[in-house]
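See structure below.
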Amino acid sequence: VEHYVLVDGYNIIFAWDELKDLAKVSLDAARGRLQDILCDYQGFTKCRLILVFDAYKVKGNPGAVTKYHNIDVVYTKEAETADMYIEKVTKEIGTKHHVRVATSDGIEQLIIMGHGAMRVSAAEFEREVADVKAKIREIIEK
């Protein structure tokens, strides 16, 4: 059984102070910073990490899935929100794999739990990421 963590990118960016402040300057920089943070998190936890960004307002956007180091980064296609994408994926893999979704979207919570996934709020996920960062620092300092 693989462990998947799906992250609602913009939901997290606008929930975490460090990223929210960065987004005011450059959304691109905030996305990059989140990707870097999640790469470290993935490297330590060994989960399959999928970071999802809404691109549904981008006219004619076909959507894209790219690799950023050790994580998958998804830009949804036109007319598909991050929530819709996350729902689709949890429905596909939720029965066979352990799936957690990092988002503070309440409606999303009900749907993903129906697909057998667990939701972790943006604040909880931030604490978890900080714990991992501390553990990595400990290992490096030894």
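The values are calculated or read from the model by the stated rules, or taken from the named source; none is laboratory data. From a predicted model like this one, the values you see are computed outputs, not experimental measurements. All Cβ positions, even for glycine, are placed from backbone atoms using ideal geometry, and neighbour counts span all protein chains on display. In case anyone asks, the SASA skips ligands and DNA or RNA and just uses the protein heavy atoms, side chains included. Shrake-Rupley method; radii C 1.70, N 1.55, O 1.52, S 1.80 Å.
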Pairs LYS24/LYS91; LYS67/LYS96; LYS67/LYS91: which are spaced more than 25 Å apart, C-alpha to C-alpha? LYS24/LYS91
To check you understand DSSP bridge types, tell me what percent of the beta bridges within the stretch 17-142 (both residues inside) are antiparallel, rounded to 5. 40 percent
Please list, by residue number, everything in the stretch 18-51 whose backbone N is under 20 Å from a paramagnetic label point 7 Å out along Cα→Cβ of GLU141. 40-41, 44-45
The answer for the net charge of residues other than HIS97 whose Cβ lies under 15 angstrom from its Cβ, with Lys and Arg +1 and Asp and Glu -1, is +3
For the chain, accessible area per residue (1.4 Å probe, heavy atoms of protein chains only), Å²: 55 Å²
If you filter the stretch 1-90 for trypsin sites (Lys or Arg not before Pro), then keep DSSP loop positions with at most 11 other Cβ within 10 Å, what is left? LYS46, LYS57, LYS59
Accessible carbon and sulfur surface of the stretch 1-102 relative to its total accessible area, %, 1.4 Å: 55 percent
Just from its helices, what would the mean residue ellipticity at 222 nm be for the chain, if runs of 4 or more DSSP H residues each count -39500 (n - 2.57) and the sum is divided by every residue, rounded to the nearest 500 deg cm²/dmol? -16500 deg cm²/dmol
Proximal aspartates and glutamates to LYS46, defined as alpha-carbon separation beneath 16 angstrom and excluding residues fewer than eight positions away on the same chain: GLU2, ASP36, ASP72, GLU128, ASP131
With the crude spin-label approximation of a point 7 Å out along Cα→Cβ, what separation in nm comes out for VAL65 versus ASP40? 2.8 nm
